[in-house]
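Chemist: Before I ask anything, let me first share the structure, which is written out below as structure tokens.
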Number of protein chains: 2
Amino acid sequence: MFTFDQLAGFIAVAEELHFGRAAERLNMTQPPLSRQIQRLEKIVGAELLERDNRKVQLTHAGQAFLEEARRLMALADRAPVTARRIASGRSGLLRIGFTAASGLSILGPLLEEISGILPDVDIDLQELVTGEQISGLLTGELDLGLARPPFNDEVFDSHLLYSESMMLAVPENHPLTELNREVRAEDFKDEPLIMHSPTQARYFYDLVVRALPISHSNVVHTVSQILTMVSLVAAKRGVAFVPHSATFLGIQGVRFLPLQGGDNEAVELHAIWNRKVENPALARLLRDIEFSME
Amino acid sequence: MFTFDQLAGFIAVAEELHFGRAAERLNMTQPPLSRQIQRLEKIVGAELLERDNRKVQLTHAGQAFLEEARRLMALADRAPVTARRIASGRSGLLRIGFTAASGLSILGPLLEEISGILPDVDIDLQELVTGEQISGLLTGELDLGLARPPFNDEVFDSHLLYSESMMLAVPENHPLTELNREVRAEDFKDEPLIMHSPTQARYFYDLVVRALPISHSNVVHTVSQILTMVSLVAAKRGVAFVPHSATFLGIQGVRFLPLQGGDNEAVELHAIWNRKVENPALARLLRDIEFSME
DNA sequence: CGTCATTACGGAATGCGTAATGATA
DNA sequence: TATCATTACGCATTCCGTAATGACG
């Protein structure tokens, strides 16, 4: 295989069409340059330069090889730069998981802040429930998650992004909308309930069950996505407990009522990541970001 | 700058994720491979492999650099092949000039034969009068011409492609079309004549003047292109002497009549090229072609 | 103590620069 | 004879392989 020095030598001679000047440009003497070209031609297996003792000229093969040589040199020059950019986290790919609800509120401002810090980093977004994010972070398929507790603090580092209160979602024109005060447990004891899945949306399920006296006989649906919940409420299938950010969904026919004791901002959203940070882009992000979105 | 050996070493290690096996694959021992990678990393300016004494793993920068390294190796492998193909004339570019009349007859079959011999050669076609072809061949802007004599035999080599007879082009319904015999000089002594330019189409001009008694007072137009001539005949501006292949033009309103003594096939078309053949594709063509198109 | 990457060291090969040669106008 | 590419030769550097070292399970 030829060497980059040989390529550089050939390019210089091809451009100068003069061994002496080319050698000068390369800060060397003619003889080694002459030998470089000879070796290169032998390796390539074709005459690249036609040299009459008076003038130097590119052959057709030499013209074609010159293009390839320039491409090679350009690629070789750029490759380390790319690698260093990625190593420093200024380039690369950041894969972020987020829950449907966080997509409505925090995701936009967060992405804006990230792209300010890492302008050349490609960002891969996936809507995933917390459990899927956790396993993605463990296998390395994900770099950062926007998810809800609980998660293993030994494996994951995290930052609380915000807390919000739970609301009661009811159909428009439902009697409870006339209440004009916080909804109490006895107010919905006879209402059909749309509940969270205790497995798929364990966080919400536990939160609701812990905070409110739920009659399980009233549960008419068990779902895992907040969007599904609100849609079912709009279809008048029952009432549901949702985080405040569900109000951003903008679904028609649903009203959101405050819950008594619901203003304790119990619903948390965290940015979480594997403590063993492997992606330099994530390392740089964590170094520079202020988790200060309102 | 790094070397191709370093790149090959890095690719092998990145694929095997094991210095020992990679070294084996490269027919060398581990220590120099280890040093190659170290040097490469130093040159690149980023850690490419994370090596724990138990396992080897690519860093993100390493993954990106691996792609670049593969591209470089592939390009470097292909470049000499391309150069050799062009040197042997199996690839490259062949620039051919042709006269308008030859475009109607010989050009098609000739191109078919050429592309059979040089399937990977790009062919550049330009319609040019003989004089333009000659200068193109001299400056190297053209590799091969399809042109008419005379040309300098010391500079150009040539091959007679075919001879054809001259015809008299007359407008439809012209009295001469009733003749039903070869046209003689006295038949057109009073006809308006469309003649060739003595400078731009010297070959035809000389040929006609030498063979036929022309009354220059009858000349109403002097043009250089056969297509122009035939168009003027169709417009009933006069009669003209054209080579037989002009019948292929398919212009409406023109009849072609045989000339007395015109069947001596005096109009020649030659393939001509500079004796100093520089284009390998032309060299290969001349080696393999049978100039045997009917 | 076995595995596997890295450092230590001696020898061969590569490749530079200086000097000589050759070829051409 | 001047110019310019090429060959000749001596020396420094590079880079391999073998051997020794070091770290980790």
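Chemist: Just give me the residues in the stretch A:157-183 being open to solvent by 30 Å² or more (accessible area, probe 1.4 Å), more than 39 Å from the chain's Cα centre (by Cα) and under 24 Å from A:Thr228 (Cα atoms), in sequence order.
Modeler: A:Asn173, A:Pro175
Chemist: Could you run through the stretch B:167-182 and say how many residues are assigned to a loop (DSSP other than H, G, I, E, B), more than 22 Å from B:Val208 (Cα to Cα) and modelled with pLDDT of 90 or more? Please lay out each step first, then the result.
Modeler: At the first step, the residues of the stretch B:167-182 found to be assigned to a loop (DSSP other than H, G, I, E, B) are B:172-174, B:179-182.
So of that shortlist, the ones also more than 22 Å from B:Val208 (Cα to Cα) come out as B:172-173, B:180.
Narrowing the set further to residues that are modelled with pLDDT of 90 or more leaves B:172-173.
Residues meeting the conditions: 2.
Chemist: Within the stretch B:131-148, work out how many residues are open to solvent by 30 Å² or more (accessible area, probe 1.4 Å) and not aliphatic (A, V, I, L, M).
Modeler: 6
Chemist: Let me ask another. Can you tell me which of (1) in contact with a Ser or Thr (Cβ under 9 Å, 6 or more places away or on another chain); (2) open to solvent by less than 20 Å² (accessible area, probe 1.4 Å) is the one A:Val233 doesn't meet?
Modeler: Unmet for A:Val233, out of (1) in contact with a Ser or Thr (Cβ under 9 Å, 6 or more places away or on another chain); (2) open to solvent by less than 20 Å² (accessible area, probe 1.4 Å): (1).
Chemist: Of the residues in the stretch A:39-75, how many are away from DNA strand D (no atom under 15 Å from the Cβ) and over 12 Å from B:Pro80 (Cβ atoms)?
Modeler: Residues that pass the stated criteria total 9.
Chemist: Considering only residues of the stretch B:1-32 that are within 9 Å of DNA strand D (Cβ to nearest atom) and touching a Leu at 6+ places or on another chain (Cβ under 8 Å), which is farthest from the other protein chains (Cβ to nearest Cβ)? Outline the logic, then answer.
Modeler: Looking only at the stretch B:1-32, we keep the residues that are within 9 Å of DNA strand D (Cβ to nearest atom), and these are B:3, B:5-6, B:9, B:23, B:26-32.
Checking which are touching a Leu at 6+ places or on another chain (Cβ under 8 Å) leaves us with B:6, B:9, B:23, B:26.
Details: B:Gln6: 10, B:Gly9: 12, B:Ala23: 18, B:Leu26: 13 Å.
Checked the stretch B:1-32; the qualifying residue farthest from the other protein chains (Cβ to nearest Cβ) is B:Ala23.
Chemist: With the structure loaded, tell me whether B:Arg35 is within 16 Å of DNA strand D (Cβ to nearest atom) and either assigned by TED's automatic domain parsing to the domain that holds B:Val13 or modelled with pLDDT of 95 or more (or both) or whether it fails that test. Write out each step before concluding.
Modeler: Working: within 16 Å of DNA strand D (Cβ to nearest atom): yes; either assigned by TED's automatic domain parsing to the domain that holds B:Val13 or modelled with pLDDT of 95 or more (or both): yes.
So B:Arg35 fits the description; yes.
Chemist: Any chance you could count how many residues in the stretch A:1-60 are open to solvent by 30 Å² or more (accessible area, probe 1.4 Å), near DNA strand C (Cβ under 10 Å from one of its atoms) and assigned to a loop (DSSP other than H, G, I, E, B)?
Modeler: Number of matching residues: 7.
Chemist: Restricting to the stretch B:184-197, name every residue that is touching a residue at least 12 places away in the same chain (Cβ under 8 Å) and either of a type outside the set (Asp, Glu) or surrounded by 13 or more Cβ atoms within 10 Å (Cβ to Cβ) (or both). Working first, answer last.
Modeler: Looking only at the stretch B:184-197, we keep the residues that are touching a residue at least 12 places away in the same chain (Cβ under 8 Å), and these are B:184-185, B:188-197.
Result: B:Arg184, B:Ala185, B:Phe188, B:Lys189, B:Glu191, B:Pro192, B:Leu193, B:Ile194, B:Met195, B:His196, B:Ser197.
Chemist: Tally up the residues in the stretch A:61-93 that are facing chain B (nearest Cβ under 8 Å) and open to solvent by less than 10 Å² (accessible area, probe 1.4 Å), please.
Modeler: Of the residues in the stretch A:61-93, 8 are facing chain B (nearest Cβ under 8 Å) and open to solvent by less than 10 Å² (accessible area, probe 1.4 Å).
Chemist: Got a number for residues in the stretch A:265-281 being open to solvent by 10 Å² or more (accessible area, probe 1.4 Å), aliphatic (A, V, I, L, M) and within 14 Å of another protein chain (Cβ to nearest Cβ)?
Modeler: 1
Chemist: Still on this model: Please specify each residue of the stretch B:208-219 satisfying the condition of being in a helix (DSSP H, G or I) and either closer than 16 Å to B:Phe188 by Cβ or among the β-branched types (Val, Ile, Thr) (or both).
Modeler: To start, the set of residues in the stretch B:208-219 that are in a helix (DSSP H, G or I) comprises B:208-211, B:216-218.
B:Val208, B:Val209, B:Ala211, B:His216, B:Ser217, B:Asn218, listed by residue number.
The values are calculated or read from the model by the stated rules, or taken from the named source; none is laboratory data. Here the structure is a predicted model, which means the values were calculated and not measured. For neighbour counting, all protein chains shown are included, and Cβ atoms are generated from backbone atoms with ideal geometry for every residue, glycine included. These area figures cover heavy atoms from the full protein model, side chains too; ligands, DNA and RNA do not enter into them. Shrake-Rupley method; radii C 1.70, N 1.55, O 1.52, S 1.80 Å.
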